[in-house]
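Asks: One structure follows; several queries about it will come next.
The values are calculated or read from the model by the stated rules, or taken from the named source; none is laboratory data. Every value quoted in this text rests on a predicted model; they were computed, and no experiment measured them. A quick note on method: Cβ atoms are made from the backbone with ideal geometry, for glycine too, and the neighbour counts reach across all protein chains shown. These area figures cover heavy atoms from the full protein model, side chains too; ligands, DNA and RNA do not enter into them. Shrake-Rupley method; radii C 1.70, N 1.55, O 1.52, S 1.80 Å.
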Amino acid sequence: MTQADGYLLDNQQSEAGQRFDAFANLFDPTTFRHFEAFGLGAGWRCWEVGAGGTSVVSWLAGKVGPTGQVVATDIDTSLLAAAAHAPVEVRTHDVGAEEPPGEGFDLVHARLVLVHVPDRERALRSMIKALRPGGRLLIEDADPALQPLTCPYEYGPEQQLANRLRQGFRKLLAERGADLSYGRRLPRLLREAGLHQVEAEAYFPVASPACTALETATVRQIRDRLVTAGLATDEDIDRHLANVATGSMDLATAPMISAWGRKA
Ligand SMILES: C[S@@+](CC[C@H](N)C(=O)[O-])C[C@H]1O[C@@H](n2cnc3c(N)ncnc32)[C@H](O)[C@@H]1O
């Protein structure tokens, strides 16, 4: 699979790095809290699936130390190069189509990845297969259908426009095969896959500077597609970007559902 026929948001566009920085600001604290609760520490072997940028991988590397291992995979590793030194190994890998890059992992994690993978079932099976008995799986995925609005408080034309453009973005994602209510399915999927001690929770910011950065980078990245599909005009997009730049729009993200469990 290439970026062109699968993942909508190409890592090689300049906005991709800004989006990964925003994900790190918004979601790393939640992700790291889960890792800490698992007891992650020196010597752990981890597989970071669809790693995107370096923030999670570098944090894991610091925790597992020289006796551990962090295998960071993505279909596009262009923004991972800076982290590619021991204990981190970077590999180009399609989680929905290839065998896992190793086995016996203590931790396998994928954040905001599975929703984009056409063969999500296979990807999940592969991640579980790669765990050691007792190993931990943490899957974090958005559920945009649970909270579809950029501006949950739609009090003026600026917020209405923001919500209309978000609807267009969701349409583009759905046309590419993204499952926009995937997040809520995770606990059941993990349980049915035989994992034990399955739990899940949701998190989303309602107003934060990182949401402004994420919205700006995302809309810039997809503007041509929105316009070509007739979902927005260039004027709509310019107006929205100017509204967002004021920093006073109170922009939210979709809820991110974190679900975790242990292999028997
Ligand atoms: C929304 S980004 C999330 C990046 C990172 N996990 C984070 O939370 O910041 C999705 C990432 O998944 C990668 N991806 C998409 N489809 C994939 C696949 N089939 N196999 C592996 N990675 C994939 C993309 O290249 C991109 O880096």
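Asks: Output the residue which, of all residues in region 102-134 that are in a loop (DSSP other than H, G, I, E, B) and within 11 Å of the ligand (Cβ to nearest atom), is most open to solvent (accessible area, probe 1.4 Å).
Replies: The qualifying residue most open to solvent (accessible area, probe 1.4 Å) is 118.
Asks: Also, quick follow-up: Assuming residue 70 fulfils every condition listed in (1) without any contact (Cβ under 8 Å) to a residue 60 or more places away in the chain; (2) assigned to a helix (DSSP H, G or I); (3) among the aliphatic types (A, V, I, L, M) apart from one, which condition is it?
Replies: For residue 70, the failing item is (2).
Asks: Return the residue satisfying two criteria in turn: it lies in region 16-66 and is among the acidic types (Asp, Glu) and within 12 Å of the ligand (Cβ to nearest atom), and of such residues it is modelled with the lowest pLDDT.
Replies: Filtering first and then ranking leaves 21.
The rows are residues; the columns are (1) part of a strand (DSSP E or B); (2) under 21 Å from residue 16 (Cα atoms); (3) touching a Gly at 6+ places or on another chain (Cβ under 6 Å).
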position: 136; (1), (2), (3): yes, no, no
position: 154; (1), (2), (3): no, no, no
position: 160; (1), (2), (3): no, no, no
position: 178; (1), (2), (3): no, yes, no
position: 199; (1), (2), (3): yes, no, no
position: 205; (1), (2), (3): no, yes, no
position: 214; (1), (2), (3): no, yes, no
position: 221; (1), (2), (3): no, yes, no
position: 230; (1), (2), (3): no, no, no
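Asks: Listed residues 200, 193, 178, 174; which is open to solvent by less than 60 Å² (accessible area, probe 1.4 Å) and touching a His at 6+ places or on another chain (Cβ under 8 Å)?
Replies: The match here is 178.
Asks: Of everything in region 6-15 that's away from the ligand (no atom under 11 Å from the Cβ) and of a type outside the set (Gly, Ala, Ser), which residue is modelled with the lowest pLDDT?
Replies: In this case the residue turns out to be 13.
Asks: Restricting to region 194-240, give me the number of residues that are β-branched (Val, Ile, Thr), under 30 Å from residue 34 (Cβ atoms) and in contact (Cβ under 8 Å) with a residue 40 or more places away in the chain.
Replies: So the answer is 6.
Asks: Moving to a separate point now. State whether the residues of region 89-97 include one that is basic (Lys, Arg), more than 8 Å from the ligand (Cβ to nearest atom) and not in a strand (DSSP E or B).
Replies: Scanning region 89-97 turns up no residue that is basic (Lys, Arg), more than 8 Å from the ligand (Cβ to nearest atom) and not in a strand (DSSP E or B).
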